[in-house]
Amino acid sequence: MAAEWTKLWSVRSTWWTLLAAVLTMAATSAQLAIYARNANTDDDPANNPGVVGVGEIVAGSLELTQYVVLALGLFAITSEFTTGTIRTTLRCTPSRGRVLAAKAVVVGAVTFGLGLLLGTVGAVTARPVLGEWGRAPLGGTVADVVAAAAYLALIGVLALGLAAALRGAVLALTVLFALLMIVPLSLQEPDITVLTRIADAFPGVAGNHFLAGDTEPYPAAAGLLVLAAWTAAALALGRWALARRDA
Amino acid sequence: MITIRALTKRFGDVTAVDDLTVEIRPGQVTGFLGPNGAGKSTTMRMVLGLDRPTAGQSLVNGRDYRTLRHPLHEVGALLDATGVHPARSGVAHLRAMARSNGVPARRVTEVLDLVGLDARAAGKPGRALSLGMGQRLGIAGALLGDPPVLLLDEPVNGLDPDGVRWIRGFTRRLADEGRTVLVSSHLMSEMQQTADRVVVMGRGRLVADAPLAELIAARPAASVRIRGPEPAALAALGDRLAAEGATVTTDGGGMSVAGSTAGRVGDLAHEMGVRLHELAPVAPSLEEAFLELTADSVEYAAGATGGGTR
Ligand SMILES: Nc1ncnc2c1ncn2[C@@H]1O[C@H](COP(=O)(O)OP(=O)(O)O)[C@@H](O)[C@H]1O
Ligand SMILES: [Mg+2]
């Protein structure tokens, strides 16, 4: 695990990814905050959505920012495949389960920490832009930021497991994109209850229910569990593939 | 000790390793020989748990590599690909390896010293390492856990003559310390000065497994070259030798006598009063012995070297 930690931070691209995530977060939440303000300039005040919590802005910004964070999980293993360092790694730690577990802990911890940072950046950026249309109760905002961090950690580890199974970053990213956005969006599109319910079982949608604190179709905590189950499944798949394939 | 039992690996239609059974013993340098594509690297990768055997088994010190928790203390290896991240420095690479196996950080400095890499070279990112530096870094990595078993895949590839000499002395020393040392090469001549024993592969199969000296001695082609100023006398000498059962071939101005000894040829020449200008025993080179052994198993023509390396 310590080795994974050393490996992660001894490559400069890790730092660039972090910087990119922070910038994306700041830009997106500023933009969303501006939208929220603009939405409140309707002539008829009844149409205004009203005061927005910064937590909502943070959650909304993750839609885009999560892909930068996903990259951390993806590259934690695909970079090993492309550079051949996976052979060194597996020689040092032949147990595929332990390798993946160590990576999962490191990726999870880093993305969680990053999530806290990003949530804070998002909230701090959004608050002044929102002005009178914003609200940032301390307790609620902190809870939202922690939830965002948990969401990102699970998504990051999900990406790791999937990338271990699929090997290529591009393929894994495509599958993730489909899982998080394309498939659930197309299921929700026709507005047929059955399809929407199926979409609710997808990791991205479940994560959003969790972030939004929804009570429908299932409690927010269940959303977290659904997402966690996807993550666990992805890790199991990744482990199986690592054990079966030649390195 | 490395135990390989009925090990087989197929990649699609290609049988890279074919029912290989061999034991690599401690305290000696074992040369692992075979032309490119013979299956040496694949065998080593299977021993290290990287490739999954199609059939059979390989054990290091009686255990399956994949069950080892801190394998760097058991087996050190240098593979043909360095396995260093292009953007990661050599030191960071070794540090990560050390940490994964509970090796103290100071050991990193020690092994860098051992292989003669200075701080500047070790601080370079993987992509900036020359082939020679990469090999040294790889060997440093192999030594991290001070393991009793070492596998070196083509370690002299890309090394300058100094480096080659260094590897020879180094593998010798490791074996003298009682370790199991397996060194692969596609060139027999590289092994002539280092190996105690050779395991030869051809097309995935075991071709020979014997002490080096025995392999050379087993060659019947040991011969004696003679030359002299009097062709007729020389021919008479040749006839006498042939009558004794030696195989005599004439070649421009001289003869080559197989199946006899320099002593016998000299005595006979003296007895018959034949003047000689040259009387030289010719030992068959290991390279010839090797070529003969693998003659029917060479996968690639000589011009296509590298075609089968990985
Ligand atoms: N990953 C692989 N996929 C397909 N064929 C392979 C692979 N690795 C090795 N081979 C083939 O297996 C044979 C043995 O290769 P290798 O073990 O590298 O030989 P050597 O190290 O003796 O040169 C060669 O024919 C090579 O092309
Ligand atoms: Mg090879």
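Since every read-out is calculated from the coordinates, none of them should be taken as a lab result. This structure is a prediction, so every number in the text was calculated from the model and none was measured. When we count neighbours, we look across all protein chains shown, and the Cβ atoms used for this are built from the backbone with ideal geometry, even at glycine.
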**OP:** Only Cα pairs under 8 Å and at least 6 apart count here; give the relative contact order of the stretch A:2-244 as a rounded whole percent.
**Re:** 23 percent
Original post:
To the nearest Å, what is the center-to-center distance of the stretch B:110-148 and the stretch A:78-98, using C-alpha atoms only?
Top reply: 19 Å
Original post:
Across 5 Å bins from 0, what is the distribution of all Cα-Cα pair distances for the stretch B:221-283, in whole percents?
Top reply: 4, 21, 37, 28, 9, 1
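Over all directions, how big on average is the projection of the convex hull of the alpha-carbon atoms in the stretch A:192-247, in square nanometres?
Working: hull surface 18.7 nm².
The orientation-averaged projected area of the Cα hull of the stretch A:192-247 comes to 4.7 nm².
If contacts are Cα pairs under 8 angstrom and at least 6 residues apart, what is the relative contact order of chain B in percent? Provide the component values of the computation, followed by the final result.
Numbers: 609 pairs, mean separation 69.6, N = 310.
The normalised contact order for chain B reaches 22 percent.
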**OP:** State the answer as a single residue: which of A:Leu173, A:Phe202, A:Thr141 lies farthest towards the positive end of the charge dipole of the stretch A:125-247, with beta carbon charges of +1 for Lys and Arg and -1 for Asp and Glu, about the Cα centre.
**Re:** A:Leu173
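Under 37 °C and 0.692 mPa s, how fast does chain B diffuse according to Stokes-Einstein, given a Kirkwood radius computed over C-alpha pairs? Answer in µm²/s, whole number. Let's see the in-between values first.
Working: Rh = 21.7 Å.
Rounded to a whole number, D works out at 151 µm²/s.
Relative contact order, percent, of the stretch B:221-283 when contacts are C-alpha pairs under 8 Å separated by at least 6 residues? Kindly include the intermediate steps, with their values, before the conclusion.
Details: 104 pairs, mean separation 33.0, N = 63.
Here the relative contact order equals 52 percent.
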Subject >> Rounded to whole Hz, the Karplus (6.51, -1.76, 1.60) HN-Hα couplings of the stretch A:66-82, x for glycine and proline >> reply: 4, 5, 5, 5, 3, 4, 4, x, 4, 6, 4, 10, 5, 5, 6, 5, 6
**OP:** Under 12 Å from the Cβ of A:Lys7, count the other residues' Cβ atoms, weight Lys and Arg +1, Asp and Glu -1, and hand me the total.
**Re:** +2
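Which order do peptides B:164-177, B:135-148 fall in by mean Cβ count within 10 Å, highest first?
Numbers: B:164-177: 17.0, B:135-148: 23.6.
Output ranking for B:164-177, B:135-148: B:135-148, B:164-177.
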**OP:** Shielding by partners for B:86-94, please: the mean number of other protein chain Cβ atoms within 10 Å of each residue's Cβ.
**Re:** 4
Subject >> Cut-off 11 Å between beta-carbons: net charge of the residues surrounding B:Ala140, Lys and Arg +1, Asp and Glu -1 >> reply: 0
Subject >> Distance in nm between pseudo-label sites at A:Phe177 and B:Thr15 (7 Å out along the Cβ direction from Cα) >> reply: 4.5 nm
**OP:** Would you mind checking which residues have amide H under 5 Å from B:Val282's amide H? H placed 1.01 Å from N; only 5 or more apart, or other chain.
**Re:** B:Ser223, B:Val224, B:Arg225
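Inside 10 Å of the C-beta atoms of A:77-84, what's the mean count of C-beta atoms belonging to other chains? All intermediate terms of the calculation are to be shown ahead of the outcome.
Working: counts 0, 0, 4, 2, 0, 2, 10, 8.
That average works out to 3.
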Subject >> Net charge of Cβ neighbours under 15 Å - reference A:Thr120; Lys, Arg +1; Asp, Glu -1 >> reply: 0
Original post:
Using modelled backbone amide H atoms (1.01 Å from N, in-plane), which distant-in-sequence or interchain residues come within less than 5 Å of B:Asp18's amide H?
Top reply: B:Lys9, B:Arg205
Original post:
What does the average come to when, for each residue of peptide A:88-101, you count the partner chain Cβ atoms lying within 10 Å of its Cβ?
Top reply: 6
**OP:** Taking just the C-alpha trace of the protein assembly as shown, give me its Rg and Dmax in Å.
**Re:** 33.6, 130
**OP:** Calculate the length of the line joining the C-alpha centroid of the stretch B:61-77 to that of the stretch A:180-243, in whole Å.
**Re:** 41 Å
**OP:** Per DSSP H run of at least 4 residues, take -39500 (n - 2.57); add these up for the protein assembly as shown, divide by its residues and hand me the 222 nm value, nearest 500 deg cm²/dmol.
**Re:** -17500 deg cm²/dmol
Subject >> DSSP bridge orientation in the protein assembly as shown - percent antiparallel, rounded to nearest 5 >> reply: 65 percent
Subject >> Farthest positive-ward along the stretch A:2-244 dipole, Cα basis, beta-carbon charges - from A:Ala163, A:Leu227, A:Gln188 >> reply: A:Ala163
Subject >> Whole-Å semi-axes of the ellipsoid equivalent to the stretch A:2-244 (Cα gyration tensor, √5λ, descending) >> reply: 34, 21, 14
**OP:** Under a cut-off of 27 Å between alpha-carbon atoms, report the lysines in cross-link reach of B:Lys9, not counting same-chain residues fewer than 8 places apart.
**Re:** B:Lys40
**OP:** Quote the Stokes-Einstein diffusion coefficient, in whole µm² s⁻¹, for the stretch B:146-237, based on the Kirkwood radius over alpha carbon pairs, a temperature of 4 °C and a viscosity of 1.567 mPa s.
**Re:** 81 µm²/s
